[in-house]
Amino acid sequence: MDHDTPDHAGAGTGPSTPEARALDAPLAEAWIRALAAAVDVHQRELTDLDSAIGDGDHGSNLHRGFTAVLAVLDALQPADAGAVLGRTGSTLISKVGGASGPLYGSAFRAMGAALPPSPATPAEFAGALAAGLAAVRRLGGAAPGDKTLVDAYTPALAAFERAVAGGAGLAGAASAAAEAAERGMRATTPLQARKGRASYLGPRSIGHQDPGATSTALLFRTLADVTG
Amino acid sequence: MKKLINSPESVLADALAGVAAAHPELAVDVPNRVITRAVRPAAPKVALVSGGGSGHEPLHGGFVGPGMLDAACPGEVFTSPVPDQVLTAARAVDSGAGVLLVVKNYTGDVMNFRLAAELAAEEGIEVRTVLVDDDVAVRDSTWTAGRRGTGATVLVEKIAGALAERGAPLAEVAAVGERVNAASRSFAVALTAATVPAAGKPGFDLPEDEIEVGVGIHGEPGRRREKLRPARELAAEVVDTVLADHDLAAGDEVIALVNGLGGTPLLELYIVFGEVAARLAEHGVTIARSLVGNFVTSLDMAGFSLTLTKADAGLLELWDAPVATPALHRS
């Protein structure tokens, strides 16, 4: 569970209950930096998963994107969480290419745009995560079961929302989301891909874990790590 | 991996520097990764912008020049360009007559070009997009991302480029591009897999005596594996596969493209073309125009693709129009 302090609540403007720790600029930046580090550690694994059913560049593309994101964060020090996520998104769109650049870039941009200027409550952050998924689905057109990142994101968002509705703080909700994302990630293995390059393989895509769902599981796991 | 590179990270920048050094008729913006014509068209005209992952050369940069593209946006190897590149290109070449984006149907390309088109439209640039999806190896259904864009891209860029050069409005240029795409079907066979420099090893393992049938141009495996057979049998099977998905009848005319995937000698491509011509003759289909060579490659992959475009007098006249690009030249 969450153990909040007045510092984290954002200069006294945030919510007062310990469960309602807010997502502020430092926490958002810590999340993105943790995600960048996770992409670095798992780069080879992501690329190997992508070699099996795609074109073998998921790890290197995300690595290139998050390296650029770190440079932007170092230089800019965005004022609020929305700006951190928005800049992350626009940088990914500018630097990655492929499908993962626009998809993750649009997700982070939509999250950033959905956040209030003041530190976000867990409920407000749930709304931002929902906006991120909506952006992914609008741009990519994927539905659950298509063997894409949507298969990790959708259950993660549902778990996050359930936890918040049940009174959980950021840490509890993020932890539930991370577990749900990892379950969703593993559940992509028996699926036949219907979107992206893996879909060209037809039944030959069955038996391989989706690389996009794998990187999305990292996204929620690092969120749990930095809020926990 | 044996490759003529300096480092896997600098492949694209180093290659663009080479393009700039070799082709003074092109303007190469290496930092922004945009290739345009060095000399602008004299009169305002619809500008054609294309792009895609690198590794398919001469596509697309080799087709920039009078009679074809106005700009090309090369992405990382097998990775679509980013929206900024496409937007930079559109700004550079728009003369007020609008920009036609020629996009191969891959998830990443479609998304990045779509984001770029939205940004360009916000700046007041009139943009239309032609999506190329000619590869019959992929079933076009809700179960896939749709058919891939392959060899037909060359024909779309050539024919739409010719019409644009004559001053036709954007809607007409887009319409002829869509018409060429709709009239085209392609299919590819690989003898070896491509090696992406950053990966350092072939995209898939293929035994010495086996081929990958229905392969794409990004190192992804194909529809199925078969034993290698004589060129005559392979060519006949590829012709029959393309025709099975085409609305061609005996007496029809086609533009036939036998395209090398990067690692196959021209000698073998001509052997294949001869067998393709013989098989088409058996079907009663006439080859009105032909193109043999490496145009839409997949790095060092050995193999070929066949593209058949149903031709009519109008398309042939545009196909025959002058073109002056590094990879396609006709006066």
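Laid out as a table, the results:
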| item | result |
| --- | --- |
| Viscosity 0.692 mPa s, temperature 37 °C, Stokes-Einstein D of the range A:25-94 from Kirkwood C-alpha radius, µm²/s | 264 µm²/s |
| Charge dipole magnitude, Cβ of K and R +1, D and E -1 - the protein assembly as shown, Cα centre, debye nearest 20 | 260 debye |
| Relative frequency of Cα-Cα separations exceeding 22 Å in the range B:139-244, percent | 48 percent |
| Label point at B:Glu25 placed 7 Å out along Cα→Cβ; residues across the range B:152-169 whose backbone nitrogen lies under 20 Å | B:154-167 |
| Residues B:His60, B:His246, B:His329, sorted so that the one with the fewest Cβ neighbours within 10 Å comes first | B:His329, B:His246, B:His60 |
| Exposure rule at most 13 other beta-carbon atoms within 10 Å, DSSP loop GluC sites (Glu not before Pro): chain B longest free segment | B:209-331 |
| Cβ-placed point charges (K, R +1; D, E -1), dipole of chain A about Cα centre in debye, nearest 20 | 820 debye |
| Tensor-based shape of the range B:180-240 (alpha-carbon gyration tensor, a/c under 1.5 rounded, otherwise prolate or oblate) | oblate |
| Positive minus negative residues near A:Ala107 (Lys, Arg vs Asp, Glu; Cβ under 14 Å) | +4 |
| Taking all pairs of distinct alpha-carbon atoms in chain B, Kirkwood radius in angstrom | 19.8 Å |
| B:Asn32-B:Ala171 pseudo-label distance in nm [points 7 Å out on the Cα-to-Cβ vector] | 3.1 nm |
| Expected-Rg normalisation [2.2 N^0.38 Å, Cα atoms] applied to the protein assembly as shown | 1.01 |
| Rounded, prolate or oblate (a/c below 1.5 giving rounded, otherwise prolate when a/b exceeds b/c) for the range A:74-223 by Cα gyration tensor | oblate |
| Cα pair distances exceeding 19 angstrom across the range B:59-146, given as percent | 40 percent |
| Beta bridges per DSSP with both ends in the protein assembly as shown, % antiparallel, nearest 5 | 55 percent |
| Spacing of the two label points (7 Å from each Cα toward its C-beta) at B:Ala313 and B:Asn6, in nm | 5.4 nm |
| Coordinate range along principal axes, alpha carbons of the range B:184-310, Å, largest first | 47, 25, 25 |
| Fraction of alpha-carbon pairs over 23 Å apart in the range B:1-103 - percent | 21 percent |
| For the range A:157-226, diffusion coefficient by Stokes-Einstein and Kirkwood Rh (Cα), 20 °C, 1.002 mPa s, µm²/s | 167 µm²/s |
| Euclidean distance of C-alpha centroids, the range A:177-209 and the range B:222-287, integer Å | 35 Å |
| 28 Å Cα-Cα threshold exceeded, pairs from B:Lys104/B:Lys310; A:Lys147/B:Lys2; A:Lys195/B:Lys3; A:Lys95/A:Lys147; A:Lys147/B:Lys104 | A:Lys147/B:Lys2; A:Lys195/B:Lys3 |
| Potential extension, B:Ala42-B:Ser290 segment - 0.36 nm per residue separation minus Cα distance | 86.2 nm |
| Residue-count net charge about B:Arg225 - beta-carbon cut-off 15 Å; Lys, Arg +1, Asp, Glu -1 | -3 |
| Listed residues A:Thr227, A:Pro116, A:Ala130: farthest to the positive end of the dipole of the range A:70-228 (Cβ charges) | A:Ala130 |
| Dipole of the protein assembly as shown, positive end: most advanced residue of A:Thr216, B:Val254, A:Ile32 [Cβ charges, Cα centre] | B:Val254 |
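Every number here is computed from the coordinates shown, using simple stated rules; none is lab data. Nothing here was measured: the structure is a model prediction, and the numbers come from that model. Glycine also receives a Cβ, built like all others from the backbone with ideal geometry; neighbour counts cover every protein chain displayed.
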